[in-house]
Amino acid sequence: MPLILTEEQTMLQDAADGFLAEHAPLDHLRKLRDDRDPDGLSRDLWRGFGEMGFAGVLIPEANGGLGLGAVEAGVIAESLGRSLTPSPFMGSAVLSAKVLSDGGSEVQQAWLPRIAAGEAVLSLAIDEGAKHAPSRIAARAERSGNGFRLNGAKALVLDGHIADALIVAARAEEGITLFLVDPKADGVAVERTVMVDAHNAARVTLSDVEIDADAVIGAVGGGEVLLNPALALGRACAASTLTGAGDQAFKITLEYLRTRKQFGRLIGEFQALQHRAAHLYTELALARAATLAALQAIDAGRDDADLAASVAKAKAGRAAELAVQEAVQMHGGVGMTDAFDVGLYMKRVRVLNELLGDAQFHTERLARSQGF
């Protein structure tokens, strides 16, 4: 399959870029941050995502969505990377929508039309420490009456502070199990975490939370069957966002090289900077190719799609990190000041690199898959 977008996918990209440029330029992020907005994002903008069909890109048409694929979700995620827009797209429209579409009961899937319309926010609560480690879930789910009692703590729950429902991964006697939990239930404590990039996450503490058996998503002990495809999709979309952020930082830097003068010359005329810019261009092109290949593999249902997503996440993370580092250096260090936008991209890339596993996590994962 060629590593290029189709005409329809390119039209979706143009629509997403245009919508975000009009409704959520960088000033949008700065205003939310400087005003200390309690939500940290615009609910009106999220409803606009629903009206445009972006929030329901992965949700089946029968549930009010567009019923499109991973590539289309990646296209929207890349646009969000370029604009740095705080949005529940990853947590709700990608991770949670995938889990509920694949394994939710009829009652649980009633959330899908609300996600597609931009009316609801759902969050996947999986990680528990500073690093992504889905194989080391310690939260416990113990049988209690006709349901379960949950205990544990979750970290980096995307937009968890405004979530209408949480999808919690916990370890039952039969294995990892997913539960649909009301964040307002007794025993659930949610603390907002404002991250360095002015985006949103939360810490969630579960203390003897009693839930009914019908809160189980899929089968008891069958959580990994639902989690693994959702995480692969999320990693590929995170790679798309990293690619978008890195590419936009590169474009800002190119414009600076074309206009900034030093010693009576445009700094873009210095050959050393030209070489560095050319190297960065190729790294971003490779990252975009790896990311599109992973998204296509997911849509095709290939057996190696999960590992392809790891390749994409690692490559895009390293390329985007290089892009923002070069951006700051080519701005002469002032790029880290708030007066320049490239510092915002550096902070966003740092957070995205940790989301769903950094380059080291995915490199080790690939090595182990090959028997090393």
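Values in this text are rule-based calculations from the coordinates and carry no lab data. Small disclaimer: the values here were computed from a predicted structure and weren't measured. Here the Cβ is made from the backbone with ideal geometry for all residues, glycine too, and neighbour counts use every protein chain on show.
So the values come out like this:
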{"item": "Positive-pole candidate from 129, 74, 157, dipole of the chain, charges at beta carbon", "result": "129"}
{"item": "Percentage, to the nearest whole number, of Cα pairs in the chain over 37 Å apart", "result": "18"}
{"item": "Alpha-carbon gyration tensor eigenvalues x 5, square-rooted, for the stretch 1-105, Å", "result": "24, 18, 11"}
{"item": "Separation of alpha-carbon centers, the stretch 159-237 and the stretch 1-67, rounded to whole Å", "result": "23"}
{"item": "Under the Karplus curve 6.51 cos²θ - 1.76 cosθ + 1.60, θ = phi - 60°, whole-Hz ³J(HN,Hα) for the stretch 304-315, x wherever Gly or Pro sits", "result": "8, 4, 4, 6, 4, 5, 5, 4, 5, 5, 5, 5"}
{"item": "Full-stretch length increase - residue 106, residue 153 - with 0.36 nm per residue and alpha-carbon distance subtracted", "result": "14.1 nm"}
{"item": "Over the stretch 196-244, volume per residue of the alpha carbon convex hull, in Å³", "result": "119"}
{"item": "Surface/4 of the Cα convex hull for the stretch 1-51, nm²", "result": "4.8"}
{"item": "Sites residue 336 and residue 289 - FRET efficiency at Förster radius 30 Å, r taken between beta-carbons, to 0.05", "result": "0.50"}
{"item": "Distance-filtered residues of the stretch 174-211 - backbone nitrogen under 14 Å, label point 7 angstrom along residue 143 Cα→Cβ", "result": "174-175"}
{"item": "Value of [θ]222 nm, deg cm²/dmol, for the chain, DSSP H segments ≥ 4, -39500 (n - 2.57) each, nearest 500", "result": "-16000 deg cm²/dmol"}
{"item": "Loop-exposed trypsin sites (Lys or Arg not before Pro) per DSSP, neighbour cap 11 Cβ within 10 angstrom, longest uninterrupted part of the chain", "result": "185-372"}
{"item": "26 Å Cα-Cα reach of residue 154 towards lysines, excluding residues that sit fewer than 8 places from it in its own chain", "result": "98, 131, 184, 313, 347"}
{"item": "The stretch 79-153 versus the stretch 304-372: alpha-carbon centroid distance in Å", "result": "24"}
